[in-house]
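Report on the structure given below.
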Amino acid sequence: MEQLLRQIKLLSEKEPKTLEQMALKLSEEVGETSQAVLSYLKVNGSEYKQLGIHEVKEECVDVILVTLALFYKVAENENELQELIIRKMDKWQRKM
């Protein structure tokens, strides 16, 4: 996983989109994930797309990639991602 994160970080450094453009791209990917879920669940008006669980997974990965690229654009150091994930997971766990 660490190697994948390093590769994503390197790619994000080459990403020509601005921070604002990346945030908009993230919104687009979240919307596509929502569409895939609605189609997968055959919600009225969405079932015509005939998307399955594989497409839901692919859209989730798109969200992860754009999110990480956006994060790396603003990150201050190498350890920040891990530190923040641990803190946010602790908070999530406390709320369960």
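The values are calculated or read from the model by the stated rules, or taken from the named source; none is laboratory data. What you are looking at is a predicted structure, and each value in this text was computed from that prediction instead of being measured. All Cβ positions, even for glycine, are placed from backbone atoms using ideal geometry, and neighbour counts span all protein chains on display. Ligands, DNA and RNA are stripped out before the accessible areas are found, and what is left, the full protein with its side chains, is counted by its heavy atoms. Shrake-Rupley method; radii C 1.70, N 1.55, O 1.52, S 1.80 Å.
Screening Lys25 on (1) touching a helix residue (DSSP H, G or I) at 6+ places or on another chain (Cβ under 8 Å); (2) open to solvent by 60 Å² or more (accessible area, probe 1.4 Å); (3) at pLDDT below 95; (4) at negative phi shows it passes everything except condition (3). Among the residues of segment 28-51, just one is touching a residue at least 24 places away in the same chain (Cβ under 8 Å), of a type outside the set (D, E, K, R) and open to solvent by less than 50 Å² (accessible area, probe 1.4 Å), namely Thr33.
Among all residues of segment 55-71, there is at least one that is open to solvent by 100 Å² or more (accessible area, probe 1.4 Å) and without any contact (Cβ under 8 Å) to a residue 12 or more places away in the chain.
Pairing residues of segment 79-96 that are surrounded by 10 or more Cβ atoms within 10 Å (Cβ to Cβ) with residues that are among the hydrophobic types (A, V, I, L, M, F, W, C) and at pLDDT below 95, at Cβ distances under 9 Å and at least 6 apart in sequence or on separate chains, gives Leu81/Leu5; Leu81/Ala75.
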